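**Q** Pasting a structure below so you can have a look.
The values are calculated or read from the model by the stated rules, or taken from the named source; none is laboratory data. Please read all numbers here as calculations on a predicted model, not as lab measurements. Here the Cβ is made from the backbone with ideal geometry for all residues, glycine too, and neighbour counts use every protein chain on show. Keep in mind that these areas ignore ligands, DNA and RNA; they rest on the heavy atoms of the full protein, side chains included. Shrake-Rupley method; radii C 1.70, N 1.55, O 1.52, S 1.80 Å.
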Amino acid sequence: MSKAVFIDRDNTIIEDPGYISDPGAVKLLPGVELAIKSLARAGFKNIVCTNQSGVARGMLTEDDLESIHAEVRRQLADKGAHLDAIYYCPFHPQGTIEQYARESDLRKPKPGMLLRAAEELDLELAQSWMVGDSARDIEAGQRAGCRTIRVRIAGETSTTTSERNVDAAQADFTVRNLVEAAKIIVRETDRTGTWEAVTPSAAVATAPPSSQGRFPQPDARLSEEGDDAPMDDHRVRLEILSHLRRLVRHSELEEFSFLKLAGGIVQMLALLTLLIAVLYFLGSGSGRVPVATFWALISVAMQTMALTFFTIQRNK
Ligand SMILES: [Mg+2]
């Protein structure tokens, strides 16, 4: 089974000037291709799920919609990004085109599009995410059993602060654009995939809600280092690993030096006692032989000890 990121279309991947009915009006939001590429690298399928009630309202046909989506794919492909699938819901109960004028389980906040994608593409919903700019995106994601990220377009004025807070509380994370959403998803995937025992997911920080201001730009750092940024956690782990290796090497080195030093000292003592034994042996006076023998035995013991140290050190 695969995991997926379900992505809303309007105001999440492309600009939303109202109803788009012409491929010429398709304009990607800044940085979306980076987000989609990094999610694909992290093993996610990128699947667009979009309500298109304009079809039911007679503002465009499904053919128009197909050309618009072909244009979205073309613009992404120009930047090296690829969408695995696009699901849309053309229905709306107040539609004017009869065949589309009805309720549908596909229409967000119902989770039908996500469930259909999961069935058709063999997706594991519990490992998947829904990213979108509206409350209905978040609800659809939650009802499908996915984790959710709300994209807050900066300068958005259609909701009051209290509404924003309520909505923000519903999503697992709130971010300013798809690029930030992708970073969170990659980070969370790394964390829960590898470090679950160490870091409970409850401790995960929630990204701050969007601030007021100009149109959101993708993180400049990510734009420059687009290919590396999602690997941050991985790099940190590699650094920790190499640090641990350095520590182990260092302690081995210390042990190695200690053994060498001890061996050297004992070796010198062995030579010294041998010299004493020889001096006693060559000297004059009664009882010199037993004393010389005593020192010779000490010397042999020392020599054995020194050889033992050297052997241990060499076998390490
Ligand atoms: Mg939207």
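**Q** What do you reckon, is Asp78 more than 20 Å from Asp133 (Cβ to Cβ), more than 16 Å from the ligand (Cβ to nearest atom) and open to solvent by less than 60 Å² (accessible area, probe 1.4 Å)? Talk me through it step by step, then tell me what you get.
**A** Numbers: more than 20 Å from Asp133 (Cβ to Cβ): yes; more than 16 Å from the ligand (Cβ to nearest atom): yes; open to solvent by less than 60 Å² (accessible area, probe 1.4 Å): no.
It is false that Asp78 is more than 20 Å from Asp133 (Cβ to Cβ), more than 16 Å from the ligand (Cβ to nearest atom) and open to solvent by less than 60 Å² (accessible area, probe 1.4 Å).
**Q** For the structure I just gave you, tell me whether Asp10 is more than 16 Å from the ligand (Cβ to nearest atom), surrounded by fewer than 22 Cβ atoms within 10 Å (Cβ to Cβ) and charged (D, E, K, R).
**A** Working: more than 16 Å from the ligand (Cβ to nearest atom): no; surrounded by fewer than 22 Cβ atoms within 10 Å (Cβ to Cβ): yes; charged (D, E, K, R): yes.
Taking the combined requirement at face value, the residue does not satisfy it.
**Q** Yes or no: Ala70 open to solvent by 20 Å² or more (accessible area, probe 1.4 Å), away from the ligand (no atom under 16 Å from the Cβ) and either under 22 Å from Gln142 (Cα atoms) or of a type in the set (Gly, Ala, Ser) (or both)? Please lay out each step first, then the result.
**A** Details: open to solvent by 20 Å² or more (accessible area, probe 1.4 Å): yes; away from the ligand (no atom under 16 Å from the Cβ): yes; either under 22 Å from Gln142 (Cα atoms) or of a type in the set (Gly, Ala, Ser) (or both): yes.
The answer is yes for Ala70.
**Q** Moving on. What helices (runs of 4 or more DSSP H) lie completely within region 93-172 and have 2 or more residues being modelled with pLDDT under 95? Don't jump to the end; show me each part of the working.
**A** On the way: elements: 112-121, 135-143, 161-170.
Ranges flagged: 161-170.
**Q** In addition: If the requirement is being part of a strand (DSSP E or B), more than 16 Å from the ligand (Cβ to nearest atom), closer than 24 Å to Ala117 by Cα and open to solvent by 30 Å² or more (accessible area, probe 1.4 Å), which of these qualifies: Lys45, Lys37? Full working, then the answer.
**A** Details: Lys37 fails: part of a strand (DSSP E or B).
The unique qualifying residue is Lys45.
**Q** In region 274-294, which residues are open to solvent by less than 70 Å² (accessible area, probe 1.4 Å) and touching a Leu at 6+ places or on another chain (Cβ under 9 Å)?
**A** The answer is Ala277, Ala292.
**Q** State yes or no: is Tyr87 closer than 27 Å to Val186 by Cα and among the aromatic types (Phe, Trp, Tyr)? Don't jump to the end; show me each part of the working.
**A** Values: closer than 27 Å to Val186 by Cα: yes; among the aromatic types (Phe, Trp, Tyr): yes.
The answer is yes for Tyr87.
**Q** While we're on this one: Please work out if Thr50 is at pLDDT 95 or above and buried (at least 20 other Cβ atoms within 10 Å of the Cβ). Walk me through how you get there before you give the answer.
**A** On the way: at pLDDT 95 or above: yes; buried (at least 20 other Cβ atoms within 10 Å of the Cβ): yes.
So Thr50 fits the description; yes.
**Q** Hey, Gly58 hits all of (1) under 26 Å from Thr189 (Cα atoms); (2) surrounded by fewer than 22 Cβ atoms within 10 Å (Cβ to Cβ); (3) away from the ligand (no atom under 12 Å from the Cβ) but one; which does it fall short on?
**A** All conditions are met except number (1).
**Q** Could you please tell me which pairs satisfy a Cβ distance under 6 Å, a separation of 6+ or placement on different chains, a first residue in region 5-28 that is of a type in the set (Phe, Trp, Tyr), and a second residue that is open to solvent by 10 Å² or more (accessible area, probe 1.4 Å) and away from the ligand (no atom under 14 Å from the Cβ)?
**A** Tyr19/Met59
**Q** Return the pair list, or none, for Cβ contacts closer than 9 Å from residues in region 258-284 that are assigned by TED's automatic domain parsing to the domain that holds Thr308 to residues that are part of a loop (DSSP other than H, G, I, E, B), at least 6 apart or on different chains.
**A** Going by the 9 Å Cβ cut-off, the qualifying pairs are Leu259/Lys316.
**Q** Here is a list of conditions, (1) more than 13 Å from the ligand (Cβ to nearest atom); (2) closer than 24 Å to Ile138 by Cα, and Ile20 meets all of them except one; can you say which number that is?
**A** (1)
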